[in-house]
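S.K.: Take this structure, written in structure tokens, and hold onto it; I'll ask about it next.
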Amino acid sequence: MDFSTYLKNYPNAEGRFGKFGGAYLPEKLIPAFEEITQAYLTICHSSQFVNELRRIRREFQGRPTPVYHCERISRKLGNCQIYLKREDLNHTGAHKLNHCMGEGLLAKFMGKKRIIAETGAGQHGVALATAAAFFGLECTIYMGEVDIAKQAPNVARMKILGANVVPVTHGLKTLKEAVDAAFEDYLENYKETIYCIGSAVGPHPFPLMVRDFQTIVGIEAREQFKDMMGFLPDVVTACVGGGSNSIGMFVPFLNDPVEIVGVEPLGRGEKMGDHAASMTYGSEGVMHGFDSIMLKDENGDPAPVYSVASGLDYPSVGPEHAFLREAGRVKYDSVTDEEAIDAFFKLSRYEGIIPALESAHAVAYAMRRAKEMKTGSILVNLSGRGDKDLDYVIEHYGLGEEYKDF
């Protein structure tokens, strides 16, 4: 497959990446999503919009974020060198602000007064609350009760920024249920509200929009690494839940001779309900308005999922990821909770960088591959910082003394 014209061809006018994607919507919401689609297709070709977004990224978000060489960890593992794209240094501490500021700008263009969203780990919620404060919009965030307990610092940040955080108390009380609740709100309030989906999932045009807003990560990383080294990395990797940080990292490298690997959460193991590795154990299905690969129970409904990382416990994955795997361009692997926690503490102790538990999955994979490869280079998207996870990690894993040695 020729990836030189990939962005022009995917998704198509119906929002499909091959057979995946689309928009499966209640009839009442079809006009609302058509309005969003037309507004986005208008402003993405507007120099005023593009220039304003560039100004925001530079002056407010602090972009570009740097690429960093993990020299100490690399030396411990052998001769393969690990590099990090430092999205943890993006304002609010993660990649999520990249698309939230774009979605906030879109909401202003459309004359909306309110933005709503779901959040798992809380980083999308914090980023959207930040965008709402910046643009002067009302903001409501739906968050599962389980995740609220795990991510108390981010809940406090959202409230300080002025957002209304609504606990979701049905089902497993995590990310899927938060998405359900946000869709119900949008169904009732779409005339003055825009639903800013938190990943590269959902009905068209959201996988397209989030992908476009997040490609700044891969564009910067590709240019920075080449300037630093004179060549491209051997492997590019990122964690995959819904898939926003990873799709933003991967797309700019699609036409390059590099291996691209998405890393899913294997959690406690292979048993249903113990992981959220959709691409590894799932099959094609429709949920939350789009067709992709999803984990199903015996009735064909979304299966219960789990991960130590709240931002990864989603039973499906962005449709573009499903397409890229089917096309053979991107591989998908998985990392357990135990491996992710090990990487969390080792990156903290040996490089002075405390990663988000989501990002620690990608770091763990890079450490595993570095041992196997022995030489070469791996570029990891460090999608977020771990401040939000400290209370949870300390409560369940202590201060990491046993993770001190390689």
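The values are calculated or read from the model by the stated rules, or taken from the named source; none is laboratory data. Since the structure is predicted, the reported quantities are computational estimates derived from the model, not experimental observations. Quick reminder, even Gly has a Cβ in these numbers, built from the backbone with ideal geometry, and neighbours come from all protein chains shown. Remember, those area values only see protein heavy atoms, side chains included, never the ligands or the DNA or RNA. Shrake-Rupley method; radii C 1.70, N 1.55, O 1.52, S 1.80 Å.
S.K.: Over the stretch 319-382, what is the relative contact order in whole percent, taking alpha-carbon pairs under 8 Å and six or more residues apart?
M.R.: In percent, rounded to a whole number, it is 26.
S.K.: List, in order, the whole-Hz ³J(HN,Hα) value for each residue of the stretch 151-161 obtained from phi through the Karplus relation with A = 6.51, B = -1.76, C = 1.60 and θ = phi - 60°; use x for Gly and Pro.
M.R.: 10, 3, x, 6, 4, 4, 4, 4, 5, 4, 6
S.K.: Taking a probe of 1.4 Å, how large is the accessible area per residue of the stretch 270-319, in Å²?
M.R.: Counting only protein heavy atoms, the per-residue value for the stretch 270-319 is 33 Å².
S.K.: Could you give the dipole magnitude of the stretch 2-140 about its Cα centre, charging the beta-carbon of Lys and Arg +1 and that of Asp and Glu -1, in debye to the nearest 20?
M.R.: 500
S.K.: Work out the FRET efficiency for residue 156 and residue 5 from their Cβ-Cβ distance, taking R0 = 35 Å, and round it to the nearest 0.05.
M.R.: Plugging the Cβ-Cβ distance into 1/(1 + (r/R0)^6) gives 0.15.
S.K.: About its Cα centre, how strong a charge dipole does the chain have in debye, to the nearest 20, once Lys and Arg get +1 and Asp and Glu get -1 at the Cβ?
M.R.: Charge dipole, the chain, about its Cα centre: 1260 debye, nearest 20.
S.K.: Here's another thing I want to ask about it. Which ³J(HN,Hα) values in Hz, rounded to whole numbers, follow from the phi angles of the stretch 13-28 under the Karplus curve 6.51 cos²θ - 1.76 cosθ + 1.60, where θ = phi - 60° and Gly and Pro get x?
M.R.: The phi angles translate into 4, 8, x, 10, 9, x, 8, 8, x, x, 9, 9, 10, x, 3, 4 Hz.
S.K.: Rounded to a whole number, what is D in µm²/s for the stretch 4-149 from Stokes-Einstein with the Kirkwood radius over alpha-carbon pairs (25 °C, 0.890 mPa s)?
M.R.: 136
S.K.: Report the net charge of residues surrounding residue 234, where surrounding means a beta-carbon distance below 10 angstrom and charges are Lys +1, Arg +1, Asp -1, Glu -1.
M.R.: Local charge sum for residue 234: 0.
S.K.: Roughly what % antiparallel, to the nearest 5, for the DSSP beta bridges in the stretch 225-379?
M.R.: In the stretch 225-379, DSSP labels about 35 percent of beta bridges as antiparallel.
S.K.: Report the number of Lys pairs in the stretch 53-178 whose alpha-carbons are under 23 Å apart, with separation of 8 or more residues or on distinct chains.
M.R.: For the stretch 53-178, qualifying lysine pairs total 17.
S.K.: Now a separate question. Work out how much length residue 59 to residue 71 would gain on full extension: take 0.36 nm times their residue separation and subtract the Cα-Cα distance, in nm to one decimal.
M.R.: Contour length minus the Cα-Cα distance gives 1.3 nm.
S.K.: Rounded to the nearest 0.05, what FRET efficiency do residue 226 and residue 28 give with R0 = 51 Å and r taken as the Cβ-Cβ distance? Could you check?
M.R.: In this case the efficiency is close to 0.60.
S.K.: Candidates (i) 45; (ii) 52; (iii) 64; which is the computed percent of Cα pairs over 27 Å apart?
M.R.: Given (i) 45; (ii) 52; (iii) 64, the structure-derived one carries the label (i).
S.K.: Still on this structure, please answer the following. Which residue, 107, 121, 133, tops the fluctuation ranking in a GNM of the chain built on C-alpha contacts under 10 Å?
M.R.: 133
S.K.: Counting DSSP beta bridges with both partners in the stretch 150-307, what percentage is antiparallel, nearest 5?
M.R.: In the stretch 150-307, approximately 55 percent of DSSP beta bridges are antiparallel ones.
S.K.: Next question. Show the residues, 5+ positions off or on another chain, whose built amide H is closer than 5 Å to the amide H of residue 386.
M.R.: Long-range HN contacts for residue 386: 354, 356.
S.K.: Go ahead and collect, in residue order, the members of the stretch 330-360 whose backbone nitrogen is under 15 Å from a label point 7 Å along the Cα-Cβ direction of residue 405.
M.R.: It comes to no residues whatsoever.
S.K.: Per-residue HN-Hα couplings for the stretch 280-297, Karplus 6.51 cos²θ - 1.76 cosθ + 1.60 at θ = phi - 60°, whole Hz, x for Gly and Pro?
M.R.: In residue order, the calculated couplings are 7, 10, x, 9, 5, x, 10, 8, 6, x, 8, 9, 7, 8, 9, 7, 10, 8 Hz.
S.K.: If you restrict to DSSP beta bridges whose two residues both lie in the chain, what percentage is antiparallel, to the nearest 5?
M.R.: 30
S.K.: Next question. Among 164, 378, 367, which residue has its Cα furthest toward the positive end of the charge dipole of the chain, with +1 on Lys/Arg Cβ and -1 on Asp/Glu Cβ?
M.R.: The Cα lying farthest towards the positive end belongs to 378.
S.K.: Could you work out how much longer the chain between residue 45 and residue 338 gets when fully extended? Use 0.36 nm per residue separation minus the Cα distance between them, nm to one decimal.
M.R.: Here the answer is 101.0 nm.
S.K.: Hey, which aspartates and glutamates would be in cross-link range of residue 226, C-alpha to C-alpha under 16 Å, not counting anything within fewer than 8 residues on its own chain?
M.R.: Excluding near neighbours in sequence, the set is 234, 256, 259.
S.K.: At 0.36 nm per residue, and after removing the present C-alpha to C-alpha distance, how many nm does the segment from residue 284 to residue 390 gain when stretched out fully?
M.R.: Once the chain is fully extended between residue 284 and residue 390, it gains 34.6 nm.
S.K.: Any idea how far the Cα center of the stretch 344-364 sits from the one of the stretch 109-128, in Å?
M.R.: So the two Cα centres are separated by 27 Å.
S.K.: Of all the C-alpha pairs in the stretch 182-229, what % are more than 14 Å from each other?
M.R.: Beyond 14 Å sits 62 percent of the P(r) for the stretch 182-229.
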